[in-house]
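**Student:** I have a structure here, written as structure tokens, and I will follow up with some questions on it.
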Amino acid sequence: MHNILKRQAKKHLGFSIDAIPKEWEHFLAAVSTTYDDCDMDRRLIEHSLELSTKELNETNRNLKEQIRRAEERTHDLERFNKAAVDRELKMIELKKRIKELEGKA
């Protein structure tokens, strides 16, 4: 018999499970089986939850790494863009200066 059922029988029915009246045996066996099935279901659910948690944690770590790499690439592209824009602005300034100098000559 399931341990919880033993305690409940003693507490609420007033007898030990060892001294089951014959008319209660089938019923208590069915209840005990139900408790056992519920325990098994709970263990399966806990195991599934543990596996799902591990998978989600691994996925979360992977996503954080992808975000870190994307941020790093974005930073590199921003630096390149700034350098390219600064270079282009300098070229425009130099062209204007060349035109000024050509106009004075």
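The values are calculated or read from the model by the stated rules, or taken from the named source; none is laboratory data. These figures come from a predicted structure and were not determined experimentally. As a convention, Cβ positions derive from the backbone with ideal geometry for all residues, glycine included, and neighbour counts pool all protein chains shown.
**Student:** Would you call GLN66 surrounded by 10 or more Cβ atoms within 10 Å (Cβ to Cβ), at pLDDT below 90, out of contact with any Cys (no Cβ under 7 Å at 6 or more places or on another chain) and not β-branched (Val, Ile, Thr)? Spell out how you get there, then give the answer.
**Tutor:** Numbers: surrounded by 10 or more Cβ atoms within 10 Å (Cβ to Cβ): yes; at pLDDT below 90: no; out of contact with any Cys (no Cβ under 7 Å at 6 or more places or on another chain): yes; not β-branched (Val, Ile, Thr): yes.
The answer is no for GLN66.
**Student:** Related question: I'd like the residue in the stretch 1-26 that is among the aliphatic types (A, V, I, L, M) and closer than 15 Å to CYS38 by Cβ and, out of all such residues, is farthest from the chain's Cα centre (by Cα).
**Tutor:** The selected residue is MET1.
**Student:** If we scan the stretch 42-51, do we find a residue that is more than 39 Å from the chain's Cα centre (by Cα) and without any contact (Cβ under 8 Å) to a residue 12 or more places away in the chain?
**Tutor:** Filtering the stretch 42-51 down to residues more than 39 Å from the chain's Cα centre (by Cα) leaves none.
The answer is no, given that none of the residues of the stretch 42-51 is more than 39 Å from the chain's Cα centre (by Cα) and without any contact (Cβ under 8 Å) to a residue 12 or more places away in the chain.
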